[in-house]
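All remarks here apply to the structure that follows.
The values are calculated or read from the model by the stated rules, or taken from the named source; none is laboratory data. Bear in mind the structure is a predicted one, so any value in this text is a computation, not a measurement. In this analysis, Cβ positions are derived from the backbone assuming ideal geometry, glycine residues included, and neighbour counts consider all displayed protein chains.
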Amino acid sequence: MKKKGLELKDLTVQELQDKLQEERGALTKLRFSHTVSPIESPVQLRSKRKDVARILTELRKRTLNTTSK
């Protein structure tokens, strides 16, 4: 789990936004495929949701840091 945080801290804001868009697309595809026919591991949905949340958290943290300085 720590590796995810370190990986996100190394990215620029633009890279984070690109990654966010990519992860949201992947989550949407997973949801559709799960609706049509249940996927083998529903944990994948939870994992993607958490990845999106981690990225959003990092973006928010950076926004707050730049406005407070």
Odd one out for Ile39 among (1) surrounded by 12 or more Cβ atoms within 10 Å (Cβ to Cβ); (2) part of a helix (DSSP H, G or I); (3) of a type in the set (Val, Ile, Thr); (4) over 14 Å from the mean Cα position of the chain (by Cα): (2)
Hey, Arg54 surrounded by 14 or more Cβ atoms within 10 Å (Cβ to Cβ), among the basic types (Lys, Arg) and within 10 Å of the chain's Cα centre (by Cα) or not: yes
Residue in the range 23-31 that is of a type outside the set (D, E, K, R), part of a helix (DSSP H, G or I), at pLDDT below 95 and out of contact with any helix residue (DSSP H, G or I) (no Cβ under 9 Å at 6 or more places or on another chain) present: no
Residue list for the range 1-22, restricted to those being at pLDDT below 95 and either closer than 10 Å to Val52 by Cα or basic (Lys, Arg) (or both): Lys2, Lys3, Lys4, Lys9
Residue list for the range 46-65, restricted to those being among the aliphatic types (A, V, I, L, M) and either touching a Phe, Trp or Tyr at 6+ places or on another chain (Cβ under 6 Å) or at pLDDT 95 or above (or both): Val52, Ala53, Ile55, Leu56, Leu59
